[in-house]
Amino acid sequence: MSPLQIRRCRTCSVYTLQENCPRCQAPTGTPHPARFSPEDRYGRYRRALLAKVPAESPPPTPKQ
């Protein structure tokens, strides 16, 4: 990674050029989304995984 790319703290939303946040010392990440490619080689597997796992399912209730 180039040291001159802008980064964003995931906990306190501070923008910086450092690997760790100067305010809370948490690791920083890139603020940009991942690139989209129409030739997505792993899209089939990702969609299959999403079909198996429901997005927001409530936790199961215990039987009494």
Every residue in the stretch 1-11 that is assigned to a loop (DSSP other than H, G, I, E, B) and either surrounded by 12 or more Cβ atoms within 10 Å (Cβ to Cβ) or free of Cβ contacts under 8 Å to residues at least 12 places away in the same chain (or both), please. Met1, Ser2, Arg10, Thr11
Please go through (1) out of contact with any helix residue (DSSP H, G or I) (no Cβ under 9 Å at 6 or more places or on another chain); (2) at pLDDT 80 or above for Asp40 and return the number of the only condition it doesn't satisfy. (1)
If we ask which residues in the stretch 21-41 are assigned to a loop (DSSP other than H, G, I, E, B) and within 26 Å of Arg10 (Cα to Cα), their number turns out to be 14
Specify the residue that is farthest from Leu17 (Cα to Cα); the eligible residues are those in the stretch 51-61 that are at pLDDT below 80 and of a type outside the set (Ser, Thr, Tyr). Pro60
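The values are calculated or read from the model by the stated rules, or taken from the named source; none is laboratory data. As the structure is a computational prediction, the values presented were derived from the model and not from experiment. Note: ideal-geometry Cβ built from the backbone for every residue, glycine included; neighbour counts use all protein chains shown.
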